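The values are calculated or read from the model by the stated rules, or taken from the named source; none is laboratory data. Since this is a predicted model, take the numbers as computed values, not measurements. All Cβ positions, glycine included, derive from the backbone under ideal geometry; neighbour counts span all protein chains shown.
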């Protein structure tokens with residue numbers, strides 16, 4: 001007697017479960033529990049292993065860290081920061097990388113568990129509504145599509161989480177360099193052209209090119225600067241703070257690089273004195 005082929009993979013088990021419920025209906029909790037147990041076990045096996053996910057996450061974040069702390073990137077984001085400051089902050093930056101790798105792995109794990117739970121919940125909700133004895137359902141394909149939707153999008157969501165954590169790591173690195181390096185303000189840059197799925201936030205687009213004063217800077221403490229028309233940086237969300245945001249600040253370290261309306265009378269006087277001193281040296 002030929003053996004009946006067993007369904008393979010998560011979708012094979014899911015299809016078999018749906019066919020079984022359509023034929024026999026929800027005639028016992030035992031039937032439903034048996035399928036839920038098989039589906040949960042198969043989902044874990046079918047998905048990319050946590051070890052491989054962690055390795056991919058670590059590789060991407062390390063690559064992000066290397067790029068964000070490269071001379072080229074620092075000169076673009078932090079023109080004027082001293083080499084001494086960079087040497088001083090390197091241990092902090094390495095610690096940020098380790099923290100982000102750990103936090104991101106936990107986030108991916110939670111997303112995975114939630115997606116599996118949603119799929120099983122969707123299946124259980126549908127299965128418990130099928131009358132005992134089964135039913136003829138013409139939309140069998142649509143039923144399967146709806147139930148497996150949560151798990152089908154999981155690999156994409158995992159990739160998005162990894163990419164988003166890379167943006168957040170870059171933003172955290174730049175914040176540490178800016179604070180320790182004595183930045184005065186930040187000029188917002190919006191990524192105008194992202195991937196096809198990129199949904200730009202209108203408020204982020206409106207911030208493009210605007211300069212936000214950093215609260216607590218040396219220039220503010222000495223009365224050289226005042227917030228311009230857009231205010232302080234801590235009055236808005238930061239680059240990379242909101243999910244999937246890839247905007248960034250170009251940090252300003254010198255009074256001469258600020259918009260004129262951000263200089264106080266005292267600041268303008270200090271700038272003139274500095275320029276006069278430079279001319280004397282030259």
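Numerical summary
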quantity	calculated
Check on residue 86, closer than 20 Å to residue 257 by Cα and out of contact with any helix residue (DSSP H, G or I) (no Cβ under 6 Å at 6 or more places or on another chain)	no
Hits in region 227-244 - residues which are loosely packed, with under 15 Cβ neighbours inside 10 Å and more than 23 Å from residue 169 (Cβ to Cβ)	229, 231, 235
Flag if residue 38 is modelled with pLDDT of 85 or more, assigned to a helix (DSSP H, G or I) and exposed (fewer than 11 other Cβ atoms within 10 Å of the Cβ)	no
Pair list, Cβ under 6 Å, 6 or more apart: region 89-115 residue more than 20 Å from residue 167 (Cβ to Cβ), other residue part of a helix (DSSP H, G or I)	115/150; 115/151; 115/154
Residues located in region 72-83, provided they are over 13 Å from residue 174 (Cα atoms) and out of contact with any helix residue (DSSP H, G or I) (no Cβ under 9 Å at 6 or more places or on another chain)	72, 83
Residue 227 being in contact (Cβ under 8 Å) with a residue 12 or more places away in the chain and under 25 Å from residue 83 (Cα atoms)	no
Residue list for region 204-222, restricted to those being in a helix (DSSP H, G or I) and over 23 Å from residue 176 (Cβ atoms)	205, 206
Enumeration of residues in region 223-282 that are closer than 24 Å to residue 190 by Cβ and in a helix (DSSP H, G or I)	233, 234, 235, 257, 260, 261, 262
Condition check for residue 65: surrounded by 18 or more Cβ atoms within 10 Å (Cβ to Cβ) and at pLDDT 75 or above	yes
Condition met for residue 110 (within 16 Å of the chain's Cα centre (by Cα), at pLDDT below 80, under 17 Å from residue 51 (Cα atoms) and surrounded by fewer than 13 Cβ atoms within 10 Å (Cβ to Cβ))	yes
Checking residue 79 against (1) part of a helix (DSSP H, G or I); (2) at pLDDT 85 or above, the condition it does not meet	(1)
Cross-chain or 6+ apart pairs with Cβ under 6 Å, region 29-44 first and without any contact (Cβ under 8 Å) to a residue 40 or more places away in the chain, then outside any helix (DSSP H, G or I)	none
